[in-house]
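Report on the following structure.
The values are calculated or read from the model by the stated rules, or taken from the named source; none is laboratory data. No experiment lies behind these values; they were computed from the predicted model shown. Here the Cβ positions follow ideal geometry from the backbone for every residue, glycine too, while neighbour counts run over all protein chains shown.
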Amino acid sequence: MPWRGPEYEGERPTLGWYVLDWMTENLAQPGRDDGEPFVPTLEQAEFLCAFYEVHPVTGKRLIRRALLSRPRGWGKSPFVGAIALAEACADVVPAGFDAYGEPVGRPWHSVRTPLVRIAAVTEQQTDNTWIPLLEMARGGSLSTDYGLDVLDTVIYLPRGEISPITSSATSVKGDPACFASLDQTEEWKESNGGIKLAKTMRFNATKIGGSVIETPNAFTPGEGSVAENSASDYQAILDGRSRARGILVDHREAPGDTDMSDERSLVAGLRHAYGDSSDHPDGCVLHDPPCPPGWSPIEGITGAFWDTSNEPQDLRADFLNQITHASDAWLSAPEVRASSDLGKVVEAGERIVLGFDGSRKRARGVTDATALIGCRLSDGHIFELGVWEQPKRATQVGPDGKPVEWQVPVVEVLAAVHAAFERYDVVGFYADPAKWESHVADWEAAYGPRLQVQATRNHPVEWWMTGGRSTLIVRALEKFHTALTERELTHDGSSALVRHLLNSRRRKTRTGIQIMKENPDSPNKIDAAIAAVLAWQCRMDAIAAGLAVEVEEMGGFTF
C-alpha cells in the first residue's frame, strides 16, 4: 500500500525517524567514556528526514547525493560517521510501506555486500570522521548485536566492511560502495585528485542505488572545488538549467550583514551559523521549544576574530560559514546578499532603464550568457528581465536526430526587449553591441526616438564595454561597485544575477579596475553583471539629465 499521508503540515514519508532512533539505541557518544548514547540534535534529525525521504507511492529513495555545509566544529564529521554506521547495519534500503502505511526498510546485506567508505584526499582528513566513527562503534552495541569486528584501520561486517579511502587509492574506480562520506570537499580540487575521486565515488554509488554525503565548510568561489561544483549543480536544478534530480543541499551561514567588528553582531551571526550546536545558555533559539545548549563555545570563538594574525576571509568561511569570494573577486557574497531585497516589486508602467549584454555561439567552451536587466529610476532597484544561459548539457537532438549545439535563442531575447518596452515606461536603454550590432541598430531605430536618456545622439542605445572606452568603463564599474557596497542600490536576488556578480574578477588595467571572467574559457559567466552595470550607468545619466527630479506630492515623492 502507499504512504498513509501527512499527519501534520509538511510531513513527508521518510526512513529518517527510524535511522534517528537506531543511532540513539546503538551508537555511543564519541569523546565520552561513560557509554552515553549518541543523540542527534533536532537540526541533524531534520537533515536525516530529508536525506532518507522516500516517494509516497513507489517508496523509492529520492536523495542520492547530499551536501551538508556547516561551520568548523559544528559536528559534521561525527554525524556523517553515524550515518555511515547506519548504512552498514540498519534497515536503510527502502522496502515499501507496512500495513499502516509507514515506510519500512531492509539492510544492505539483504541486497548486496555492503561496502561503506570514508573518503578524503588525505589520510589526515579521513581521521576527522574515522576516529569518532570508531568510538561510536566500540562504545555502542554494534559488536554484539550486529557482529562488527572493529579494528583501527577497518571495520569488518559479517558481510562487507567499512574503511577509509583516499584519492591515492588505486582500486577506487571498481569499488561498489553503497555509501560514501566525502569530507571537507571545499579542499577537493583537480590538483589533489579530489575532483576525480568525488566523480568516481558518485558513479559507484549510482550504479547500485547507493548514496554519498559531502561535508564541507564554506568554499571559496572560483577555486573549482568539489563543494563549489556541487553547489553549482544544485543551483542549476533550481534554475531549471539542469534535469538532474536527487541532490540535497543543506547550507547554513551567518547573515550577510554580520559585522565582525561588532561583538553583538558577531555573536548573533555565529549563533545562527552554529544552530543547535551553539552553547547558547537558553538552548538553540531556532526551534520552539529550544534545544538543549550545544557544545560549540561561541564566546570563545569570537576570540579568533580579535586575533589580527587571522585572515578575515578565512574567519568568515570557517566560523561564519559564509561563502565569500576569491582573492581577486570584484564583490563578496556577503556584500551581494546584503544588497538584495526580494520584497520589492516593479509594477507595470513604472519608469525604468535597461541594460543589455549579448553573446553568440563560441567556437569552443561554454557559450557566454545573454542578459537583459532593468533598473527602476526612482530607487535604483535592479531586477532581472531575462538571462539566457547554456544549460549543463548543451548538446540537444534536432528533428533529424542529429546533435545540435545550444545557441542563444535570439527570437526570445528580441521578444523580451519588446515586452519590456510594452510593460514599463522605459526612458533609457544601454546595450553592449558586441556580436549584436545589427539588433542594437534595430533597437535604436525602433525605440531611440522615445528614449529620454541616450548614450549618444547618433547611437542612443549603443554603449561599448570593450575597446577604446576604458576610462568610461572603469568609471561605470566604480559607480556600480560603490552603489552596491554602500547599499545605494538593491537587487531582486535572482540566481543568475547573483552568480554573475560573484563570478566577476578584478583585473587591473592602465586606466583602472575592470572586470572579466576568471579566464577566457571559464564556464562561470558575468554577462548579467555587465548588463546590471549598464542599467545603473543609464540610471545615473538619467538622474544627471534631470529625469528624477523629486516633486513633493501628497506626502510622498513622484519621479
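Looking only at the stretch 195-211, count how many residues are at negative phi and surrounded by fewer than 22 Cβ atoms within 10 Å (Cβ to Cβ). Spell out how you get there, then give the answer.
We begin by selecting, within the stretch 195-211, every residue at negative phi; these are 195-208, 210-211.
Pick out the ones that are also surrounded by fewer than 22 Cβ atoms within 10 Å (Cβ to Cβ) and you get 195-196, 199-200, 202-208.
The qualifying residues number 11.
For the stretch 5-24, indicate whether the set of residues that are touching a Ser or Thr at 6+ places or on another chain (Cβ under 9 Å) and within 20 Å of Leu142 (Cα to Cα) is non-empty. Scanning the stretch 5-24, I find no residue that is touching a Ser or Thr at 6+ places or on another chain (Cβ under 9 Å) and within 20 Å of Leu142 (Cα to Cα), so the answer is no. Close Cβ contacts (under 7 Å, 6 or more residues apart or on different chains) running from residues in the stretch 326-354 that are closer than 17 Å to Glu486 by Cβ and not assigned by TED's automatic domain parsing to the domain that holds Met540 to residues that are of a type in the set (A, V, I, L, M) and part of a strand (DSSP E or B) comprise Trp330/Ile515.
Residues are listed down the side, and each one gets a yes or a no for (1) under 28 Å from the mean Cα position of the chain (by Cα); (2) more than 28 Å from Asp175 (Cβ to Cβ):
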position: Cys49; (1), (2): yes, yes
position: Pro56; (1), (2): yes, yes
position: Ile63; (1), (2): yes, no
position: Pro71; (1), (2): yes, yes
position: Phe79; (1), (2): yes, no
position: Ala82; (1), (2): yes, no
position: Thr122; (1), (2): yes, no
position: Glu135; (1), (2): no, no
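Scanning the stretch 281-294 turns up one or more residues that are at pLDDT below 90 and either under 24 Å from Asn524 (Cβ atoms) or not in a loop (DSSP other than H, G, I, E, B) (or both). When the stretch 173-193 is filtered for residues that are in a helix (DSSP H, G or I) and more than 22 Å from Ile63 (Cβ to Cβ), the ones remaining, listed by number, are Glu187, Glu190, Ser191, Asn192.
Can you name the residue in the stretch 355-385 that is part of a loop (DSSP other than H, G, I, E, B) and without any contact (Cβ under 8 Å) to a residue 40 or more places away in the chain and, of all such residues, is surrounded by the most Cβ atoms within 10 Å (Cβ to Cβ)?
Filtering first and then ranking leaves Arg362.
Answer with yes or no whether Thr220 is crowded, with 19+ Cβ neighbours inside 10 Å, assigned by TED's automatic domain parsing to the domain that holds Ser77 and either modelled with pLDDT of 90 or more or under 30 Å from Thr302 (Cβ atoms) (or both).
Values: crowded, with 19+ Cβ neighbours inside 10 Å: yes; assigned by TED's automatic domain parsing to the domain that holds Ser77: yes; either modelled with pLDDT of 90 or more or under 30 Å from Thr302 (Cβ atoms) (or both): yes.
Criteria met by Thr220.
Scanning the stretch 235-276 for residues that are buried (at least 18 other Cβ atoms within 10 Å of the Cβ), modelled with pLDDT under 90 and in a helix (DSSP H, G or I) returns Ala236, Asp276.
Scanning for something among the β-branched types (Val, Ile, Thr) and closer than 28 Å to Leu342 by Cα, does the stretch 501-512 turn up at least one residue?
Step one: filter the stretch 501-512 for residues among the β-branched types (Val, Ile, Thr), giving 509, 511.
Pick out the ones that are also closer than 28 Å to Leu342 by Cα and you get none.
No.
Cβ-Cβ contacts under 7 Å between residues 6 or more apart (or on different chains), taken from a first residue in the stretch 60-74 that is closer than 19 Å to Arg252 by Cβ to a second residue that is modelled with pLDDT of 95 or more and aromatic (Phe, Trp, Tyr), are listed as Ile63/Phe51; Ala66/Phe51; Leu68/Phe47. With respect to the conditions (1) within 23 Å of Asp379 (Cα to Cα); (2) surrounded by 19 or more Cβ atoms within 10 Å (Cβ to Cβ); (3) in contact with a strand residue (DSSP E or B) (Cβ under 6 Å, 6 or more places away or on another chain), Ser504 lacks only one, and its number is (1). Of everything in the stretch 142-172 that's β-branched (Val, Ile, Thr) and in a loop (DSSP other than H, G, I, E, B), which residue is surrounded by the fewest Cβ atoms within 10 Å (Cβ to Cβ)? Top of the filtered list is Thr170.
In the stretch 331-352, the qualifying residues are those that are touching a helix residue (DSSP H, G or I) at 6+ places or on another chain (Cβ under 7 Å) and hydrophobic (A, V, I, L, M, F, W, C), and the one that is surrounded by the fewest Cβ atoms within 10 Å (Cβ to Cβ) is Ala348.
The residue list Ala244, Ala231 contains one member that is out of contact with any Lys or Arg (no Cβ under 6 Å at 6 or more places or on another chain), touching a residue at least 24 places away in the same chain (Cβ under 8 Å) and either closer than 30 Å to Pro107 by Cα or in the same structural domain as Trp306 (by TED's automatic domain parsing) (or both), which is Ala244. Select from the stretch 512-559 the residues that are among the β-branched types (Val, Ile, Thr) and modelled with pLDDT of 90 or more and write down the one among them that is surrounded by the most Cβ atoms within 10 Å (Cβ to Cβ). Result: Val533.
Could you go through the stretch 25-35 and let me know if any residue there is assigned to a helix (DSSP H, G or I), at pLDDT 95 or above and over 28 Å from Pro176 (Cβ atoms). Please lay out each step first, then the result.
Start the filter on the stretch 25-35 by keeping residues that are assigned to a helix (DSSP H, G or I), which leaves 25-26.
Okay, now just the ones that are also at pLDDT 95 or above, so 25-26.
Subsequent filtering for residues that are over 28 Å from Pro176 (Cβ atoms) retains 25.
The answer is yes, given that some residue of the stretch 25-35 is assigned to a helix (DSSP H, G or I), at pLDDT 95 or above and over 28 Å from Pro176 (Cβ atoms).
Identify all residues within the stretch 483-495 that are within 20 Å of Gln537 (Cβ to Cβ) and surrounded by 15 or more Cβ atoms within 10 Å (Cβ to Cβ); write none if there are none. Ala483, Leu484, Thr485, Leu489, Thr490, His491, Asp492, Ser494, listed by residue number.
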